[in-house]
Amino acid sequence: MEEIVVLIVGAGPSGLATSACLSVHSIPHIILEKEDIYASLWKKRAYDRLKLHLAKEFCSLPFKPHSPDSPTYIPKDMFVDYLDDYVKTFNIQPKYQRHVESASYDEADGKWRIEAKNVLTGGVEVYVAEFLVVASGENSGKYIPELPGLDSFSGETLHSSEYKSGAKYENKEVLVVGCGNSGMEIAYDLSNYGVQTAIVIRNPVHVVTKETVRVGMIFSKYLPIFIVDIMAVLMSKILYGDLSNYGIRRPTKGPFYLKATAGRAPVIDVGTVAKIKSKEIKVVPAISSIDGKKVLFEDGAEREFDVIVFATGYRSVANNWLKDFKHVLNETGMPKNDFPHHWKGEKNLYCCGLSRRGLFGVSMDASAIADDIKKVVTEKMNK
């Protein structure tokens, strides 16, 4: 059994940022990571053409801004290099291949008891911590919806986290399910390789440019959200026109309002809209059922596909191992408290990176958590 002041679960950007902030305060801590490397989502499960969707000033971790000569929108590989340098700068040393099986609060001791399986040895390690930080992220478990007949599909199915490049699917018929940023960009990438591409768009979605988002985020510091939304929607109408004839409906609420209240990000167009307008990418409605390679849609149309890519997002899986999750999370594994107080729970339990505000939110959470732990530790020492 190992006793520690702070235990962090997860070595993605959330865990790394929290570790750096705690190190600045000289607070002892350890990180447990189930994979064999930090930032595994970025290093192992990101498609080749990925760039950060937000400008670099909104995508740095605490105490380390991006270099002035780096591009405004940083490519995946360059961001991975940034994380490598971040880990080296703050001497972050996670314990890898530790799969946390349970974490519960001991009321008698007033501490957290964490049990983790060491994948290499097969043994179970026990840790006791005064503070516990859930940093496993909102992208910890891939989500694929249950569709009638999906088991019968005779082609290839994969989650967007497994997709790398459209080169593999040249001359094939591919259906992308999901119209968020990943789904729209994957559809664009597939089309660039001559793939016969269709994308399921079920719900209304805002389509904007990356510069609209950048300017909007800056303006939102000084103007009410509804004014920023008016500007963003107006710019979208000017640039794209009415997209409803192409199967893309605009929500009634504004893009920045939806992001702030529901965590729903607008689609940042990388060229997909032009391909939809030119019919290089076909928009289809929701799937009714699947039979072999045949996919039946809600409008009665049917079409055969060789591949289905599910860009249907992720789910937080923290509740699977955090037995006393009610102190900080709700039933879905997301913060029970509203922003900006979402990161702090009861019984010295915290969550980082679950605010649905990207890397900008991660940085805010990590700083707040470390400052709060420092305050509690200092008060305890002064008693």
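The values are calculated or read from the model by the stated rules, or taken from the named source; none is laboratory data. Source: prediction; values computed, not measured. Because the Cβ atoms are built from the backbone with ideal geometry, glycine has one as well, and the counts that use them run over all protein chains shown. What goes into the accessible areas is simple: the full protein's heavy atoms, side chains included, and nothing from ligands, DNA or RNA. Shrake-Rupley method; radii C 1.70, N 1.55, O 1.52, S 1.80 Å.
When you go through 267, 215 one by one, which is the residue that is within 24 Å of the chain's Cα centre (by Cα) and closer than 26 Å to residue 196 by Cα?
Numbers: 215 fails: closer than 26 Å to residue 196 by Cα.
Answer to the check: 267.
Kindly indicate whether residue 126 is at pLDDT 95 or above, farther than 30 Å from residue 184 by Cα, within 21 Å of the chain's Cα centre (by Cα) and not in a loop (DSSP other than H, G, I, E, B).
Working: at pLDDT 95 or above: yes; farther than 30 Å from residue 184 by Cα: yes; within 21 Å of the chain's Cα centre (by Cα): no; not in a loop (DSSP other than H, G, I, E, B): yes.
Considered against the rule, which asks whether it is at pLDDT 95 or above, farther than 30 Å from residue 184 by Cα, within 21 Å of the chain's Cα centre (by Cα) and not in a loop (DSSP other than H, G, I, E, B), residue 126 comes out as no.
Taking interchain pairs and intrachain pairs at least six residues apart, which have beta carbon atoms under 6 angstrom, with the first residue in segment 36-48 and within 20 Å of residue 190 (Cα to Cα) and the second open to solvent by 70 Å² or more (accessible area, probe 1.4 Å)?
Filtered contacts from segment 36-48: 47/164; 48/164.
Quick one: residue 279 ticks every box in (1) open to solvent by 50 Å² or more (accessible area, probe 1.4 Å); (2) in a loop (DSSP other than H, G, I, E, B); (3) touching a residue at least 12 places away in the same chain (Cβ under 8 Å) bar one, so which box is it?
So residue 279 meets the others, but not (3).
Could you grab me the full set of residues in segment 164-210 that are surrounded by fewer than 22 Cβ atoms within 10 Å (Cβ to Cβ), touching a Ser or Thr at 6+ places or on another chain (Cβ under 9 Å) and either free of Cβ contacts under 8 Å to residues at least 40 places away in the same chain or assigned by the TED database to the domain that holds residue 55 (or both)?
Matches in segment 164-210: 193 only.
Suppose we filter 306, 324, 299, 365 for residues that are touching a residue at least 24 places away in the same chain (Cβ under 8 Å) and over 23 Å from residue 100 (Cβ atoms); which single one remains?
Values: 324 fails: over 23 Å from residue 100 (Cβ atoms); 299 fails: touching a residue at least 24 places away in the same chain (Cβ under 8 Å); 365 fails: over 23 Å from residue 100 (Cβ atoms).
Sole residue among the options that is touching a residue at least 24 places away in the same chain (Cβ under 8 Å) and over 23 Å from residue 100 (Cβ atoms): 306.
Condition (residue is surrounded by fewer than 19 Cβ atoms within 10 Å (Cβ to Cβ) and assigned to a helix (DSSP H, G or I)) applied to segment 301-310: is it met by at least one residue?
Checked against the condition, which is being surrounded by fewer than 19 Cβ atoms within 10 Å (Cβ to Cβ) and assigned to a helix (DSSP H, G or I), segment 301-310 yields no hits at all.
When you scan segment 143-158, do you find a residue that is open to solvent by less than 60 Å² (accessible area, probe 1.4 Å) and under 15 Å from the mean Cα position of the chain (by Cα), even just one?
Scanning segment 143-158, I find no residue that is open to solvent by less than 60 Å² (accessible area, probe 1.4 Å) and under 15 Å from the mean Cα position of the chain (by Cα), so the answer is no.
Give the residue that is modelled with the lowest pLDDT, with candidates limited to residues of segment 345-383 that are hydrophobic (A, V, I, L, M, F, W, C) and in a loop (DSSP other than H, G, I, E, B).
Narrowing segment 345-383 to residues hydrophobic (A, V, I, L, M, F, W, C): 349, 351-352, 354, 359-360, 362, 364, 366, 368-370, 373, 376-377, 381.
Checking the rest, the ones that are also in a loop (DSSP other than H, G, I, E, B) come to 352, 354.
Working: 352: 97, 354: 93.
Here the answer is 354.
From the list 4, 74, 27, which one is of a type in the set (Val, Ile, Thr) and free of Cβ contacts under 8 Å to residues at least 24 places away in the same chain? Even if it seems obvious, please write down each step before you answer.
On the way: 4 fails: free of Cβ contacts under 8 Å to residues at least 24 places away in the same chain; 27 fails: free of Cβ contacts under 8 Å to residues at least 24 places away in the same chain.
Only one candidate qualifies: 74.
Quick test for you: out of 174, 124, pick the one residue that is farther than 15 Å from residue 40 by Cβ, touching a Leu at 6+ places or on another chain (Cβ under 8 Å) and of a type in the set (Val, Ile, Thr).
Details: 124 fails: touching a Leu at 6+ places or on another chain (Cβ under 8 Å).
Going through 174, 124 in turn, the sole match is 174.
Determine if segment 143-162 includes at least one residue that is out of contact with any Gly (no Cβ under 8 Å at 6 or more places or on another chain), hydroxyl-bearing (Ser, Thr, Tyr), more than 24 Å from residue 15 (Cβ to Cβ) and touching a residue at least 24 places away in the same chain (Cβ under 8 Å). Give the derivation first.
Going residue by residue through segment 143-162, those that are out of contact with any Gly (no Cβ under 8 Å at 6 or more places or on another chain) are 144-151, 155-159, 161-162.
Subset that is hydroxyl-bearing (Ser, Thr, Tyr): 157, 161.
Add one more test, that the residue is more than 24 Å from residue 15 (Cβ to Cβ), and what stays is 157.
With touching a residue at least 24 places away in the same chain (Cβ under 8 Å) added as a condition, the list becomes 157.
The answer is yes; a qualifying residue exists.
Which residues, taken from segment 66-82, are part of a loop (DSSP other than H, G, I, E, B), in contact with a strand residue (DSSP E or B) (Cβ under 9 Å, 6 or more places away or on another chain) and surrounded by fewer than 16 Cβ atoms within 10 Å (Cβ to Cβ)? Break it down into steps so the answer makes sense when it comes.
Taking segment 66-82 and keeping what is part of a loop (DSSP other than H, G, I, E, B), we get 66-74.
From what is left, the residues that are in contact with a strand residue (DSSP E or B) (Cβ under 9 Å, 6 or more places away or on another chain) are 71, 73-74.
Within segment 66-82, 71 is the sole residue that qualifies.
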